[in-house]
Amino acid sequence: MEKIPQHSHCQICGKAIPFGETICSDKCKTEYEAFTKKRRRYMYLMYGALAVLLILLLVMYIPK
Ligand SMILES: [Zn+2]
């Protein structure tokens, strides 16, 4: 059986790339950066909603 050399896959197009790399080309890098930026914004939104929910719960359960 042939041993497959250690390698990674491009996070965008899935092409095999040297181990330790994330992206295969500048084109994919641009897409990857746009993707991570979008994901980060989504994460902030989720944390924000969670924080608001927690505060609401706290306010509702504070003994009067
Ligand atoms: Zn790629």
Considering only the range 5-62, state which residues are assigned to a helix (DSSP H, G or I) and in contact with a helix residue (DSSP H, G or I) (Cβ under 9 Å, 6 or more places away or on another chain). none
Working only within the range 1-33, note down all residues that are among the acidic types (Asp, Glu) and out of contact with any strand residue (DSSP E or B) (no Cβ under 9 Å at 6 or more places or on another chain). Glu2, Asp26, Glu31, Glu33
Looking at the range 14-44 only, could you name the residues that are more than 14 Å from the ligand (Cβ to nearest atom) and either touching a residue at least 40 places away in the same chain (Cβ under 8 Å) or not hydroxyl-bearing (Ser, Thr, Tyr) (or both)? Phe19, Gly20, Lys37, Lys38, Arg39, Arg40, Arg41, Met43
Given (1) at pLDDT below 95; (2) surrounded by 10 or more Cβ atoms within 10 Å (Cβ to Cβ), index of the condition Glu2 fails: (2)
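The values are calculated or read from the model by the stated rules, or taken from the named source; none is laboratory data. All values derive from a computational prediction rather than experimental measurement. Quick reminder, even Gly has a Cβ in these numbers, built from the backbone with ideal geometry, and neighbours come from all protein chains shown.
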